[in-house]
Each structure stands twice: as structure tokens, then as C-alpha cells.
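The values are calculated or read from the model by the stated rules, or taken from the named source; none is laboratory data. It should be emphasised that the depicted structure is a prediction, and the values quoted were computed from it without experimental measurement. Backbone-built Cβ (ideal geometry, glycine too); neighbour counts: all protein chains shown. Ligands, DNA and RNA are stripped out before the accessible areas are found, and what is left, the full protein with its side chains, is counted by its heavy atoms. Shrake-Rupley method; radii C 1.70, N 1.55, O 1.52, S 1.80 Å.
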Amino acid sequence: MAGAIASRMSFSSLKRKQPKTFTVRIVTMDAEMEFNCEVLDHDVSKEEPVTFHFLAKFYPENAEEELVQEITQHLFFLQVKKQILDEKIYCPPEASVLLASYAVQAKYGDYDPSVHKRGFLAQEELLPKRVINLYQMTPEMWEERITAWYAEHRGRARDEAEMEYLKIAQDLEMYGVNYFAIRNKKGTELLLGVDALGLHIYDPENRLTPKISFPWNEIRNISYSDKEFTIKPLDKKIDVFKFNSSKLRVNKLILQLCIGNHDLFMRRRKADSLEVQQMKAQAREEKARKQMERQRLAREKQMREEAERTRDELERRLLQMKEEATMANEALMRSEETADLLAEKAQITEEEAKLLAQKAAEAEQEMQRIKATAIRTEEEKRLMEQKVLEAEVLALKMAEESERRAKEADQLKQDLQEAREAERRAKQKLLEITTKPTYPPMNPIPAPLPPDIPSFNLIGDSLSFDFKDTDMKRLSMEIEKEKVEYMEKSKHLQEQLNELKTEIEALKLKERETALDILHNENSDRGGTSSKHNTIKKTLVIPVSRTDDQPPFLH
């Protein structure tokens, strides 16, 4: 594909002093180039600036095998993406959502919920307008479904996401097909499709399924005279197909496409040239280097995250220990206050007991005095006896109250001792916490401290990439393993597409279906659609041998 793939880029005219000659500047993500151009046999607009669109003329059969350099892949990805969004290539709705998720991965990198919040795709053009109008779904609903798939692409680099996009796009029916309006002998209007696999005849109302196909390895030659084209199959039993185009200029363009596509078709089925082999080897080495670099960055990121987690854990434990020390200090203060209150209460109770004992003694003295001064008369004696009895009862009550107060004083003394014991234990616990090491021993950390600490040092920058034979064999085995995993994921991918199609089917507006939508659904219901990628594998890969008496392929 060297020289076959160009870029879709915008060129701004900088000077037009000479007729049809001007200087253009190409600005891409990777480089900036400036050169002089001369436009021949084209009507150039007189408005400034002049914008040109340079597109790939010949499409690869298998993008993964043929697009060797990353810049070529990126530019071709931009072209195919725009053709799908402009609806020049028909894409089913569910496949459009999947392609959009890979386009988002290529632009934004891995999904991060803290960065890629709701609405971050509001200004992006990701789906064809036909798909958006076909369903009763808001932009938020489309974004939700795109983001759900986008989150599953974590770990894919930009070139990997773009290649996944192209591998899906190359299986679309209209991928790489150039259509031309023609008429057969009877004057019936038809469409001629020229692509990497051969020539196809379409009904003007159905650009998805060809009525007749002529693979390149089954065509003996193609010729045209004035406006009449002739396709002669290799099998002489098959009738020659003739058609007329509108203009001689169109005939020349058709012939150029046929020559170029046939030449590439034959070249793909031969061994790669030395130059292509060297390009592929360099691309493999570059891919291996980038993969190792990504692995190194991933390891460093993991080590950084582990160091940050360890730091957070230490900070959390330190904070927890500070909280425990504060709580122990507060408990100690409460114990001291309780001990002081209990001591004060015990002192008051002891004083009350002494006062009651004094009152009991005074009552006893009063009783003795009353007995000594007994009244001689019987009435006085009875009254005296009654008073003596009351004095005895009162003395008994005073004695009981004094005994109770004494017991209460003993109990308070015991509580005071317990409070002081609790205070002693609290002080001991506080002493243990304050003397405990601030940073307890942890499991050995494979990584040093985070980069914001001066003593932190990551793996040496002098990492060498010595690609030995064993390393290359290991990388080759990993690539083969990735291919097997991709085949296993294809089934899962198809299940996801079917699930999304079923989910949004209820929201479809049938009256807005286009003719291509209806045709695609009919083909799907009949099971007639087949992957163009599979079609490539089915195509005969053995070049057609020619003898000297056979006519040349193209005239």
C-alpha cells in the first residue's frame, strides 16, 4: 500500500501569483510540510482560501496487514470515519455506536469517571444523522450507550483503537466501493461498483447487495471503446458483459481504478518486496518498543498508586491513633472529675454521720435527764413514760440512720478507690499510646515513596531496549495470543451488537427508515449478509497465470 494511501487534509492557499500554481502547507498531528503544487485540468475556485480534500484512492482489503505505518493508519482512519458520518458508507445503528466508542477511546484515552462526566461528548460528532433521527433517543441516551462500550476499551492505545475501528468498518457493505452510473445494452440504468475485490453491478436502489460480481481473478480482460465498456470473464462459457457510461472522462477514471485495484489485488497475493518487509519489520519493532514502554509506564503507575495507598494508609492510622489518644485523654479527665466528686460526696456523708451521732448522744442525755426528774404524780409519771418511750424510739431511729450513713460513707470510700484505680488505668493506657511507634511496621513495599518526596526515585531512566531473539519470539507469541483472543472476542462483540439492537428497537421510528436501512434489515433477516473480511479469505489467492496467446488484462 506504499503510496496508495493519502490523507484527508485541508490545504489553504498562501499565494496564487502564477496561474494554477500555488504553495500549500499540510499541518497534521505529527508534522508540518510545505510544498509547491500545480493543478492541471481542474476548475479551481477563485475564492480564498482554497480547500482541497486528498483521499485514499485504493482501499486495503485487510487494514491490519496492509497499513504498516502508524501515520498512514491514522489518516486512513480519519477518512473512513468521515465517510461513515457523512453516510457515504452505510453503517447499521448498533455498529455505529460501537465505532463511536472506539473513536472516543482513540481521542480521549482510557475512561475516567472523575474526568469524563456526563455531557463530555455533547459537542462531538460521533453518529450519522440518519441513526440519530431514526430513534426516539436523546443525546444523553446515546452518550450513555457509547460510554458503556467506551469504558470496556480500557488499556488500548490510540493506534489500537483506530485499528479496531477500521477492522469493523472494512466489513461494511459499502466500504471502499466507488459507484458509477452506467447503462446496459437494453438501456437499463445500473450502478458499477469498483473495489479491492473486483467489479460489481448494482441496482440503483440497492447499493448494498450486488446483482452480479466479477472478482479480479475471474476477469480475463476489460476494454472500452469510446463510452462502451466490455468485461470478459475468464470462463468463456460466461457471457461477456457490456455497458455504457456517461462521459469519456468517467471511462478513464473507471479504467484507472480497475488497473490500480487489480494491480494491488495481484500484489497482495505475492510475497512482499524487500522494502515492504523492511517496513513491516520496523513497524513490528516500533510496536514492540511502544508496548514495552506502555508496560513500563503501567508498572510505574502501579508502583506510584501502591505508594500513595501506603501513604494514605499510614496517614489514616496516624489519624486513628491521634483520635484514640484524644479519647483516652478525655476519659482520663472524666475519671479525675468523677473521683473528685466522689471524694467530696464521701466527705459530706461522713460529716452528716458525725452530726447524726452527736444528735443521738444528745437524745440519750435528754432521756437520762427526764428519768432523773420524774414527776411524782401518776399523770406526770405516765406522761414521762410516754416521753421516755418516744425518746427511745427517736434514739433508735437516730441510731439506725447513723448506721446507714456510716455504711453509705464506706460505700463512697470504696467507689472513690475504684475511681482512682480507673484513673490509674487510663493514665497507663495514655502512656502506652504515646510511647507506641507512630509508623508501625508494614509489609515491605516494592516501590519507594511518591514523587513529591525528595528522596523518591523511580526506576532509572536509562532503560535500554535490547531486542534479542528470545524477546522477539516472546513478542511474536504474544501477538499470536492477541489474535486468538480477538477471535474469541468477536463472538462476544456480535452478542453485544445484537443486545444493543434489541434494546433500541422499541425506540425506532419506522417511518424514518431509509431505503438502505430497509435493505440491510431484509438481508439480516434472510441471513444473507456476510462479512467482507470473510469474503476476502474466500477469494482465490492464486494469481491467474497467463499464456502468451491470452489477451492482456486491460486495454
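Observations on the model:
- Qualifying residue in region 267-278 (condition: touching a Phe, Trp or Tyr at 6+ places or on another chain (Cβ under 6 Å) and without any contact (Cβ under 8 Å) to a residue 60 or more places away in the chain): no
- Residue, least open to solvent (accessible area, probe 1.4 Å), within region 181-194, restricted to residues that are basic (Lys, Arg) and not in a strand (DSSP E or B): 185
- Cβ separations smaller than 6 Å between residues 6+ apart or across chains give the following pairs from region 82-98 residues that are free of Cβ contacts under 8 Å to residues at least 60 places away in the same chain and in the same structural domain as residue 125 (by the TED database) to residues that are crowded, with 20+ Cβ neighbours inside 10 Å and in a helix (DSSP H, G or I): 96/131.
Conditions tested, residue by residue: (1) part of a loop (DSSP other than H, G, I, E, B); (2) over 14 Å from the mean Cα position of the chain (by Cα).
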site	(1), (2)
77	no, yes
90	yes, yes
94	no, yes
105	no, no
117	yes, no
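- Residues of region 79-88 satisfying the condition of being part of a helix (DSSP H, G or I) and either open to solvent by 10 Å² or more (accessible area, probe 1.4 Å) or in contact with a strand residue (DSSP E or B) (Cβ under 7 Å, 6 or more places away or on another chain) (or both): 81, 82, 83, 85
- Selection count, region 122-131, where residues are assigned to a loop (DSSP other than H, G, I, E, B) and within 18 Å of residue 91 (Cβ to Cβ): 5
- Within region 195-284, strands (runs of 3 or more DSSP E) holding 2 or more residues that are over 30 Å from residue 516 (Cα atoms) and of a type in the set (S, T, N, Q): 219-225
- Put simply, of 387, 429, 407, 397 the only residue that is in the same structural domain as residue 341 (by the TED database), at pLDDT below 80 and either polar (S, T, N, Q) or part of a helix (DSSP H, G or I) (or both) is 429.
- Selection of region 312-340 for residues being loosely packed, with under 13 Cβ neighbours inside 10 Å and under 30 Å from residue 410 (Cα atoms) yields 330, 333, 337, 340.
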